[in-house]
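Visitor: One structure, pasted below without further comment.
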Amino acid sequence: MRTVLMVAEKPSLAQSIAKILSKGNCTSRKGLNGACSVHEYMGSFMGQSVRFKMTSVCGHVMSLDFIGKYNNWDKVDPAELFSKAPTEKKEANPKLNMVKFLQVGFNRTVPVFIIDLLCCLSTSLICQVEAKGCDMVVLWLDCDKEGENICFEVLDAILPFMNKSYGSEKNIFRAKFSSITDTDICNAMNRLGEPNRNEALSVDARQELDLRIGCAFTRFQTKYFQGKYGNLDSSLISFGPCQTPTLGFCVERHDKIQSFKPETYWVIQAKVFKGKESPLTLDWERVRVFDREVGQMFVNIAKTSREARVESVSKKEKAKQRPLALNTVEMLRVASSALGMGPQHAMQIAERLYTQGYISYPRTETTHYPENFDLKGTLRQQANNPFWADTVKALLAEGLNRPRKGVDAGDHPPITPMRAASESELGSDGWRLYEYITRHFIATVSHDCKYLQTTIAFSIGTEAFSSTGKTLISAGFTEVMPWQGIPDEESLPACERGDSFTVDEVKLLEKQTNPPDYLTEAELITLMEKHGIGTDASIPVHINNICQRNYVTVESGRRLKPTNLGIVLVHGYYKIDAELVLPTIRSAVEKQLNLIALGKANYQQVLQHTLDIFKRKFHYFVDSIAGMDELMEVSFSPIADTGKPLSRCGKCHRFMKYIQAKPSRLHCSHCDETYSLPQNGAIKLYKELRCPLDEFELVLWTSGSRGKSYPLCPYCFSNPPFRDMKKGMGCNECTHPSCQHSLNSLGIGQCVECESGVLVFDPTSGPKWKMACNKCNVVVHFFEHAHKVQVSAESCDSCEASLVVVDFNKARSPLPGDETQHSGCVFCDPVFQDLVELKHATMRHPMHRGGQARRQGGRGRGRGRRIGGRGNPKKPKDKMAALAAYFV
């Protein structure tokens, strides 16, 4: 029997699609990587009985990066990144082993226990085994350009392992769908197409352009300015072809605010009344004047008359149009302005609602429903919701109004609710976004809001005034979107042409023009869409990036206020090359990328042409950097004038200054050297102890959130002293053979959670003693209130972990009699069994001997391999024999 492999973009989608297609009769098991499940069922495909295997990836399988040596900022000229530096596809999340999972997990006849054992074998053997592979592939990735790109990432991983007789393009299928409903999924399965290579190539081109251009500019300006200024307060001074024009919009508004000069103007306010009715305030037809004397002249003219004559009364029925169908940009605008959600947060919630089947695909530029869209069926699902049930039932009874004709971008239908929901199902934010999407949909099939606008024209002397009022005729769509409704106003008094009103007062009011406010996220999204910066999928990412880089801050009302750094960068780009920050050049690039997607432009030509333009711009930028530096000097302090003295330099033995602003670092003004430090923690002097290699005073880094700390030498941290060390390693990873602070002296055993880490004793942690992994976040607390703890030179006979010598306080000693000192293995010694506790993030549980130490290694002194004690799982010989027999 043939096997059909089906791949979705997310695990939850795979589960939903499998349940729909199998009618709930599928079996599920965890995949090899633990993140993705495999759902299996029997069915019919292309007129034959087949076995379906449905699984997923977790977004992009691969990511683009430079090959290893070009990731070294210190040794590579950023200019080389435009052409000389080769790129390669790497696994987007190596921990998931997604490529291996796709290759291994779908052999049609491999028993589950065999698959489990394959995890222990070499990749080469796995590849040989899985060459049998599957027969056909159906790709259920999201139906946008990114989804098409992921299609080909999946195919690159699995095609070599499909059955040779079937692994051709004729057996590769693409499902096109816009919502996770029974109807849409079944229709997609019945109308399979092919993946779109051109759309995938357009994504490849965008990735490579953003990588090469962004990295070149970012590396140069980060190294240049962080080496000169100490209070930039940003760990990375990044440049992005889309990110920088996005920041440019925010700074442009800031500049308008700063350069705004208020002007004084005057308006005439007149109040009239008739009989005992309340006074009516009139609007002056001239609106305003900018000369006080002229304004006073008109007031004097009006005051010559004590009556206001009605010149005309006009009544006109008007309509407020129902909204167009909802697309991504409008959803993000409303989420920010009305719901108080940032664009990226709103997009994450929308994606969750989509994968759970509550709304249609949330990334679309279309505002027009297809002719065959089931509007009535979609509306009927909302008939029982108490918030809008009456409106929905009335529409179903009277008949739906045809939605307005919007724009058909040819991608997905507008964002639409696909099934009923309640707040208890979706949570607070999920419900608020779902509620808006649903109300918006109902509004699109409702009638327009109709109202009567009455305007009364008055004359007081020779000056003309008017008053306008609105009276609701039919609420229409505003019944379900009340915030769009016609505001309640006092009705105008009944009158006819020629009637007279008594003038209550006429006075001149002085006012001033106001500056514009900072851009809201909603306004920024509008500008980005208008100028073609980013896509509906990437717009939230670009806005989030300028916030993360400390280029703008989000103020009340979700307004974006540029920081000093953001302002200086944009002004510097304008000074050197305005096209780096203006939206024009990126907009042109986006158009070229769209032509690649349509098959109308050559991928390589667009890529090379764009890189050539930016390479020339980069060289000019480097040659002209002094122009931006002049602006930096005005706003930021030289690095030598920043920070406070902390530790001594090993070269000149003078104090180095600790610069706390991001990125935190140490600077020696005498040697004019800057040394990197670990980020996101506290730094203090470590007992005035010195590194035996370079005489630099050690500092102690502590993470407040995890309670993890380790000492480090500032010089060794940036300049690894041994070949087996990398940049950014502290004393807990230093392989110095005799230093009392090194891994060799304080390392105890292999981490209980990760594969490569070592648990290193923290001698400063008493009386709450602990050891922490030098790779991951695991912290092991032990021997609380012990008087003294030392790492012994001896090792455990069972597991080869380093022994510890513990001096207990007499009152709290767990030892018999008057004994207070005991030497033993943290993992194997029964005396220590109940005195050890593992903490990992917020998890807490006792770490028992053996079982929790299943991967513990005595690598503290470079000796150990595995300790398992009784917790080290071994491969049973009978299963290994079965495995060998199976493959033979």
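The values are calculated or read from the model by the stated rules, or taken from the named source; none is laboratory data. Source: prediction; values computed, not measured. Heads up, the Cβs are rebuilt from the backbone with ideal geometry, glycines too, and the neighbour counts pull from every protein chain shown. Surface accessibility is based on the protein's heavy atoms, side chains included, excluding ligands, DNA and RNA. Shrake-Rupley method; radii C 1.70, N 1.55, O 1.52, S 1.80 Å.
Visitor: Would you compute, from DSSP H runs of 4+ residues alone, the mean residue ellipticity of the chain at 222 nm, taking -39500 (n - 2.57) per run and dividing by the full residue count, rounded to the nearest 500? Walk me through the numbers on the way to the answer.
Guide: Numbers: 23 runs with 275 residues, N = 888.
It comes out at -9500 deg cm²/dmol, rounded to the nearest 500.
Visitor: Can you pull the Kirkwood radius for segment 259-365, inverse mean 1/r over Cα pairs, to one decimal in Å?
Guide: One decimal place: 19.9 Å for the Kirkwood radius.
Visitor: Can you give the percent of C-alpha pairs in segment 511-584 whose distance is more than 22 Å?
Guide: Numbers: 739 of 2701 pairs.
Beyond 22 Å sits 27 percent of the P(r) for segment 511-584.
Visitor: Counting only the heavy atoms of the protein chains, how much of THR471 is accessible to a 1.4 Å probe, in Å² to the nearest 10?
Guide: 70 Å²
Visitor: Find, among the GluC sites (Glu not before Pro) in segment 341-438, those assigned to loop by DSSP (not H, G, I, E, B) with at most 15 other beta-carbon atoms within 10 angstrom. Write down the numbers at each step before the final one.
Guide: Details: sites: GLU351, GLU365, GLU371, GLU398, GLU423, GLU425, GLU435; in loops: GLU365, GLU371.
Of the GluC sites (Glu not before Pro), the ones in loops of segment 341-438 whose Cβ has at most 15 other Cβ atoms within 10 Å are GLU371.
Visitor: If I take the Cα coordinates of segment 377-485 and project them onto the principal axes, what are the three extents in Å, biggest first?
Guide: 65, 34, 31
Visitor: Same structure again: Kindly write out, for segment 390-406 in residue order, the coupling ³J(HN,Hα) from the Karplus curve 6.51 cos²θ - 1.76 cosθ + 1.60 (θ = phi - 60°), rounded to whole Hz, with x marking Gly and Pro.
Guide: Each residue's phi maps through the Karplus curve to give 4, 5, 5, 5, 5, 5, 5, 6, 8, x, 6, 8, 5, x, 5, 7, x Hz.
Visitor: First obtain the Kirkwood hydrodynamic radius of segment 17-76 from its Cα pairs, then insert it into the Stokes-Einstein equation at 20 °C and 1.002 mPa s, and state the resulting D in µm² per second as a whole number. Working shown, then result.
Guide: On the way: Rh = 14.8 Å.
Stokes-Einstein gives a translational diffusion coefficient of 145 µm²/s.
Visitor: Here's something else I'd like to know. Taking the dipole about the Cα centre of the chain, with the C-beta of Lys and Arg at +1 and of Asp and Glu at -1, give me whichever of PHE477, GLY399, MET54 is farthest to the positive side.
Guide: So the residue furthest toward the plus end is MET54.
Visitor: Can you give the accessible area per residue of segment 275-336, in Å², using a 1.4 Å probe?
Guide: On the way: 3820 Å² over 62 residues.
Normalised by residue count, the accessible surface of segment 275-336 is 62 Å².
Visitor: So for the chain, considering every pair of alpha-carbon atoms, how many percent are separated by more than 57 Å? Can you show the working numbers first?
Guide: Details: 104408 of 393828 pairs.
Of all Cα-Cα distances in the chain, 27 percent exceed 57 Å.
Visitor: Does segment 540-640 classify as rounded, prolate or oblate by the C-alpha gyration tensor (a ≥ b ≥ c root eigenvalues; a/c under 1.5 gives rounded; else a/b over b/c gives prolate, otherwise oblate)?
Guide: Details: a/c = 3.19, a/b = 1.46, b/c = 2.19.
Cα axes put segment 540-640 in the oblate bin.
Visitor: Right, something else. Please sort 280-286, 243-249 by packing, taking for each peptide the average over its residues of neighbouring beta carbons within 10 angstrom, highest first.
Guide: 243-249, 280-286
Visitor: What does a probe at GLU311 reach in segment 431-465, counting residues whose amide N is under 13 Å from the point 7 Å along Cα→Cβ?
Guide: What the label zone holds, given the 13 Å backbone N cut-off, is 456-465.
Visitor: Per residue, how many Å² of accessible area does segment 1-96 show with a 1.4 Å probe?
Guide: Details: 4550 Å² over 96 residues.
Solvent-accessible surface per residue comes out at 47 Å².
Visitor: A further question on this structure: How high is the relative contact order of segment 1-74? Use alpha-carbon pairs under 8 Å, at least six apart in sequence, and give a whole percent. Let's see the in-between values first.
Guide: On the way: 115 pairs, mean separation 27.9, N = 74.
Reported as a whole number, the value is 38 percent.
Visitor: Right, something else. Of LEU685, HIS619, PRO711, whose Cα points farthest to the positive end of the dipole of the chain (charges on the beta-carbon: +1 Lys, Arg; -1 Asp, Glu; origin at the Cα centre)?
Guide: Projecting each Cα onto the dipole axis, the largest value belongs to PRO711.
Visitor: Rank-order 657-669, 47-59, 475-487 by packing density, defined as the average count of other C-beta atoms within 10 Å over each peptide's residues, highest first.
Guide: Packing proxy ranking, top to bottom: 657-669, 47-59, 475-487.
Visitor: Whole percent per 5 Å bin, from 0 to the bin with the longest distance: what is P(r) over all C-alpha pairs of segment 590-719?
Guide: For segment 590-719, the binned pair fractions read 2, 9, 14, 13, 11, 8, 8, 8, 8, 8, 6, 3, 1, 0 percent.
Visitor: In the chain, carbon and sulfur make up what percent of the accessible area (probe 1.4 Å)?
Guide: Values: 19940 of 41630 Å².
That fraction is 48 percent.
Visitor: Can you tell me which of 514-521, 622-629, 226-233, 329-336 comes out highest on packing, and rank the rest after it, using the mean Cβ neighbours within 10 Å?
Guide: Numbers: 514-521: 16.4, 622-629: 14.8, 226-233: 19.1, 329-336: 23.4.
Highest mean packing first, the order is 329-336, 226-233, 514-521, 622-629.
Visitor: Let me ask something else. Which three lengths, in whole Å and largest first, does segment 323-421 cover when its Cα atoms are put on their principal axes?
Guide: 39, 31, 24
Visitor: From largest to smallest, what semi-axes in whole angstrom does segment 704-829 give when each is the square root of 5 times an eigenvalue of its alpha carbon gyration tensor?
Guide: The answer is 27, 15, 13 Å, longest axis first.
Visitor: Let me ask something additional. Leaving ligands, DNA and RNA out of it, rank LYS316, LYS176 by accessible area with a 1.4 Å probe, largest first.
Guide: Details: LYS316 125, LYS176 100 Å².
Of LYS316, LYS176, the descending order of accessible area is LYS316, LYS176.
Visitor: With bins 5 Å wide starting at 0, give me the P(r) of segment 146-256 over every alpha carbon pair, in whole percents.
Guide: With 5 Å bins starting at 0, P(r) equals 2, 9, 11, 12, 13, 11, 9, 8, 9, 7, 5, 3, 1, 0.
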